[in-house]
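The values are calculated or read from the model by the stated rules, or taken from the named source; none is laboratory data. Keep in mind it's a predicted model, so treat the numbers as computed, not measured. Note: ideal-geometry Cβ built from the backbone for every residue, glycine included; neighbour counts use all protein chains shown. SASA here: full protein model, heavy atoms, side chains in, ligands and nucleic acids out. Shrake-Rupley method; radii C 1.70, N 1.55, O 1.52, S 1.80 Å.
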Amino acid sequence: MQSLRYLLRKEFLQIFRDRFMVAQLLLMPIIQLLLLGNAATFEVKSARMYVVDRDHTVTSRGLIQRLTASRRFSPVGASPSMNVADQWMLERKADMILSIPADFERDIVRTRRADVQLILNAEDGAAAGVTQSYAAQIIAAYANELGTELTPLIRTAGQGTRPDRPAISAQAIDVRARAWYNPDLDYQDYMVPGILVQLVTVVGTLMTAMNIVREKEIGTLDQLSVTPLSQGAFMAAKLIPFWIIALVELTLGLVVARFVFHIPMLGSILLVFATAAVYLVAALGIGLFISTLVETQQQAMFVTFFIVMIYLLMSGLFTPVRSMPDWAQWLAQLNPVKHFIEIMRAVLLKGATARDIARPVGILAAFGIVVLTLAVRQYGRRAT
């Protein structure tokens, strides 16, 4: 135990003596959280709208005003020619074209029904879907004001026109939606907990791998291997400092999440730290395993980023796991990042208890034990 204490002191002194590493560990992840927390979103704040109004009546102008007043759509141009509008779309000057036919108001007065065409730039399918949803809601509200039925004819760039059924009518079923766990539908509430997991993963995995490989490069690892230190004490001294630093990083991240992004924290913070402690065993084990496979810090960095990138893309951080192919969903079950992101979102946003997250915590614990055992055995083989 005394030798472990001395080794831990040596590791902490070595870490904090390097100012660049301290900045990497504490400052840079917080900057990344502030940037990604604002940038990583699928929400469409404002779509550029080109208007082709062939009706020029009070009713058509009312529709344009409703779309503009929502602040979801910003008019960037108008003309009676669809050719001009298509050119604007081709040049990426417009995200949506609103085309109002010549007999728009007359049809409403005579038949209580009219068509409106929406042409969307669907290069980014997710953004086009969100834009279409915003427009449909606004058109529905305007139809209720008029007591009529409006049918949006949706056309995405490069495709034909199709009616967006059912038609939006004032006589439609009264649907009252209530959003649980994120009543304001704020995308930051969904993304920031996942970004916190990403930052803790990078600190725990990358720094562990690079720290041990650096010992290889300068030769101190060989010197330590011939000392009477046990392999367990040496591994613990290498992993515990980054385990503690990662928890400190999580603390700082939670403070930023609460007071900068105003993320609700409905569950137990102690439960968050308990599950993070279990998860970090897996993250540190991966870093240790990487260090046994490479010889230089550059190799460690490339291998770590390769693994972390796959973890993040298959974790549900940016896209739901349930939308992936079946084989990818099965493979994602082996991803510890996925399970910790689920835990973070469940505890912070839903107020989940230990019983609610018992399954993903159990998976993390099993994964951590397996990976850490394999890493220690692999290191023992390399050392001998």
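Quick notes on this structure:
- The chain - share of DSSP beta bridges that are antiparallel (%, nearest 5): 30
- The modelled label-to-label distance for the pair residue 81/residue 331, using points 7 Å beyond Cα in the direction of Cβ, is 5.0 nm.
- Option label - mean projected area of the Cα convex hull in nm² computed here, alternatives (i) 20.3; (ii) 18.6; (iii) 23.5: (iii)
- Spatially close lysines, pair count over the chain: Cα under 27 Å, gap of eight or more or interchain: 7
- The largest accessible area among 93, 350, 338 belongs to the first residue in 350, 93, 338, and the rest follow in falling order (1.4 Å probe, all chains).
- Top of 82, 265, 210 by mean-square fluctuation, Gaussian network on the chain, Cα under 10 Å: 82
- Sulfur and carbon atoms: percent of accessible area, the range 308-384 [1.4 Å]: 65
- Among 194-207, 97-110, the order from most to least packed when residues are scored by Cβ within 10 Å on average: 194-207, 97-110
- Å² of accessible area per residue within the range 179-325, as computed with a 1.4 Å probe and no ligands counted: 44
- Per-peptide average of other Cβ atoms within 10 Å, ordering 364-376, 314-326 highest first: 364-376, 314-326
- Global geometry of the range 251-300, whether rounded, prolate or oblate, following the gyration tensor of its Cα atoms and the 1.5 cut on a/c: oblate
- Charge dipole (the chain, unit charges on Cβ, about Cα centre) - positive-most of 141, 109, 129: 129
- Entry comment: accessible area of the range 1-102 is 59 Å² per residue, from protein heavy atoms only and a probe of 1.4 Å.
- Each Lys and Arg Cβ is given +1 and each Asp and Glu Cβ -1; about its Cα centre, the chain then shows a dipole of about 800 debye.
- Positive-end extreme of charge dipole, the chain - chosen from 353, 373, 203 (charges on Cβ): 373
- Taking a sphere under 13 Å around the Cβ of residue 74 and counting the other residues whose Cβ falls inside, with K and R at +1 and D and E at -1, yields a net charge of +4.
- Net charge over other residues, Cβ less than 14 angstrom from the Cβ of residue 346 (K, R count +1; D, E count -1): +2
- Solvent-accessible area assigned to carbon and sulfur over the range 56-135 amounts to 52 percent, based on a 1.4 Å probe.
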